[in-house]
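Working notes for the structure below.
The values are calculated or read from the model by the stated rules, or taken from the named source; none is laboratory data. Here the structure is a predicted model, which means the values were calculated and not measured. Cβ: placed from backbone, ideal geometry, glycine included. Neighbour counts: every protein chain shown.
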Amino acid sequence: MREEITVVFTDVRDFTTIAESADPDILMLQTSRYFSVLTEAFLAEGGTVDKFIGDAVMVFWNAPDPQPDHVERACRAALAGRAACEKLNAQFETEGLKPFFTRFGIHVGQAVVGNLGSTERMNYTALGNTVNLAARLEGLNKEFGTAILVSEAVHLRVQHCFQFRSLESVIAKGMTKGTRVFELVGVAT
């Protein structure tokens, strides 16, 4: 079914480097704690946690249940997730573990949402350019030295609720159209 959704992708900065020198058992426990904290922030805002991909999370709003404020929910969840990860990183550091710095990408648009897979395994998920752009925005944080990047479509919908820093127009990897990107800084005061 075609729906308008807001998608958030997350990723841990330099996870491959962290994993290279970490004990696999300890890394598995640390990553599980990290996913628990992020998932809690996403679920508190009514997000549908789609999947964990290595150290990344894909989550979306406005499906399966309609949420008129889905863009706001996604932005609040990203800010809450960032704050929760900062707290968790303080614990990691006292335990001698490397911190997990999280990057987020947020985009809103049309996607196909439903069950996808094979006869052996199904997954309720979303597909389409909206999902791809959210993933690309997450990756662009590396270029801009930011933590939470949103598309112009997100910015236009919730600029009255949140503080943003305007960046530039970019053509994300694999895309043909440019999009203006904004850093989500915090809640509007």
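In table form, for the structure just shown:
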{"quantity": "Considering residues of the stretch 42-69 that are buried (at least 23 other Cβ atoms within 10 Å of the Cβ) and touching a residue at least 40 places away in the same chain (Cβ under 8 Å) only, the residue farthest from the chain's Cα centre (by Cα)", "calculated": "62"}
{"quantity": "Restricting the stretch 176-189 to residues that are surrounded by 13 or more Cβ atoms within 10 Å (Cβ to Cβ) and among the charged types (D, E, K, R), the residue that is modelled with the highest pLDDT", "calculated": "183"}
{"quantity": "Strands (runs of 3 or more DSSP E) fully within the stretch 69-175 counting 1 or more residues that are touching a helix residue (DSSP H, G or I) at 6+ places or on another chain (Cβ under 7 Å) and either at pLDDT 95 or above or not aliphatic (A, V, I, L, M) (or both)", "calculated": "102-117, 148-151, 162-170"}
{"quantity": "Single unsatisfied condition, residue 123 versus (1) in contact with a Gly (Cβ under 7 Å, 6 or more places away or on another chain); (2) more than 30 Å from residue 28 (Cα to Cα); (3) not hydroxyl-bearing (Ser, Thr, Tyr)", "calculated": "(2)"}
{"quantity": "Unique residue being over 15 Å from the mean Cα position of the chain (by Cα), of a type in the set (Gly, Ala, Ser) and on the phi < 0 side of the Ramachandran plot when the list is 90, 135, 126, 147", "calculated": "90"}
{"quantity": "Among residues of the stretch 93-114, those that are within 13 Å of the chain's Cα centre (by Cα) and either more than 20 Å from residue 32 (Cβ to Cβ) or of a type in the set (D, E, K, R) (or both), counted", "calculated": "5"}
